[in-house]
Amino acid sequence: AIGYLLKPVNMEQLGEAFQKIEEFISTTVKNLLIVVDNDAHQQQMLDMIKSDDIQITLATSKAMALKHLEETAFDCLILDIDIEQRSGIKLIEQIVQQKALRQTPLILYVDRELTAIEEGLLLQCEEHITVKSVRSPVRLLDEATLFLHQVEAKLPEDKRKMLRMVHDKAAILKNKKVLIVDDDTRNVFALATVLEDNDMEVVCGQNGKEGVAVLEKQNDIDLILMDIMMPEMDGYEAMRKIRAQVGFRKLPIIALTAKAMKGDKAKCIEAGANDYLTKPVDTDKLISLMRVWLYR
């Protein structure tokens, strides 16, 4: 979307909307504002988005971003949620408060779990502006291509390949190797069946200790499903041991727990999990989560 209208709509508003669409389509070079103060994230974004038909402006603070937005009509805004010590949502709130800035579509780059407060604030903001959250550089490329109306066929071959993979949901999972760490054989069988039906390879560990041992022997694991309550070594300890090894710090881990207790999710994330599901596992939700984390 390049904007929105609230019903009821009069003819004057429709005329202005069509004029805006015509101007957008006729513009060959798009203006993009990237708001990020993390050097690594900035480089990832530039590597994905940089193109001859995109004029990129960088801002490293909320104040600088607002100044640019007030002075220039941008076709899209990419915002790192962790700008200025996790205050990206505050910038969105400031944009919402200024009616003239609300029409700029916004892509929110999120590489962590949102807090409950952040989720609530974001939902409120989404009532007034167009916001799309993404969790990986590839998804960022996908959304930016749509928002900036880039012609996919004109993108470099490596980026076209990435987009084809994103749109082919089966390809994201195919031939990926998953380690299931769980002492419940029935649960392991049920999960393994679902994963194998999606052309994934499965290896298992019956407790945390076995899981860590399997991982150390097989360094081609793409993702871990980690049960929490297990004998000998529970999931929390296993995840901490895995994260202590430099080579496994970015390996996606989805924690599985038999009961949802207050604070469980935070405890899992603190121990090293990227995400969290309660048993019995909703397999559709699991597959969706795996797609997200396998494309990070």
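Which residue, of L191, L215, L223, L173, is in contact with a Pro (Cβ under 6 Å, 6 or more places away or on another chain) and within 20 Å of N274 (Cα to Cα)?
On inspection, the qualifying residue turns out to be L223.
Take V246 and tell me if it is touching a residue at least 60 places away in the same chain (Cβ under 8 Å), surrounded by fewer than 20 Cβ atoms within 10 Å (Cβ to Cβ) and not charged (D, E, K, R).
Criteria not met by V246.
For the structure I just gave you, tell me whether R139 is under 21 Å from N274 (Cβ atoms) and in a loop (DSSP other than H, G, I, E, B).
No, not satisfied.
Can you tell me which residues in the range 178-208 are of a type in the set (V, I, T), surrounded by fewer than 19 Cβ atoms within 10 Å (Cβ to Cβ) and free of Cβ contacts under 8 Å to residues at least 60 places away in the same chain?
Once the filter is applied, which keeps residues that are of a type in the set (V, I, T), surrounded by fewer than 19 Cβ atoms within 10 Å (Cβ to Cβ) and free of Cβ contacts under 8 Å to residues at least 60 places away in the same chain, the range 178-208 yields T185, T193, V202, V203.
What's the number of the only condition in (1) crowded, with 19+ Cβ neighbours inside 10 Å; (2) free of Cβ contacts under 8 Å to residues at least 24 places away in the same chain; (3) over 23 Å from D111 (Cβ atoms); (4) not small (G, A, S) that Y276 fails to meet?
(3)
Mind listing just one residue for me: the one in the range 215-224 that is surrounded by 17 or more Cβ atoms within 10 Å (Cβ to Cβ) and free of Cβ contacts under 8 Å to residues at least 60 places away in the same chain and, of those, farthest from R291 (Cα to Cα)?
Checked the range 215-224; the qualifying residue farthest from R291 (Cα to Cα) is L215.
Give, as residue ranges, the strands (runs of 3 or more DSSP E) completely inside the range 39-123 that count at least 3 residues that are surrounded by 21 or more Cβ atoms within 10 Å (Cβ to Cβ) and touching a Lys or Arg at 6+ places or on another chain (Cβ under 9 Å).
Fully inside the range 39-123 and qualifying: 106-109.
Condition test on V96, is it aliphatic (A, V, I, L, M), touching a helix residue (DSSP H, G or I) at 6+ places or on another chain (Cβ under 8 Å) and either over 21 Å from V292 (Cα atoms) or not assigned by TED's automatic domain parsing to the domain that holds V35 (or both)?
On the way: aliphatic (A, V, I, L, M): yes; touching a helix residue (DSSP H, G or I) at 6+ places or on another chain (Cβ under 8 Å): yes; either over 21 Å from V292 (Cα atoms) or not assigned by TED's automatic domain parsing to the domain that holds V35 (or both): yes.
Criteria met by V96.
The values are calculated or read from the model by the stated rules, or taken from the named source; none is laboratory data. Note that the coordinates shown come from a computational prediction; the quantities given were computed from them, not determined experimentally. In this analysis, Cβ positions are derived from the backbone assuming ideal geometry, glycine residues included, and neighbour counts consider all displayed protein chains.
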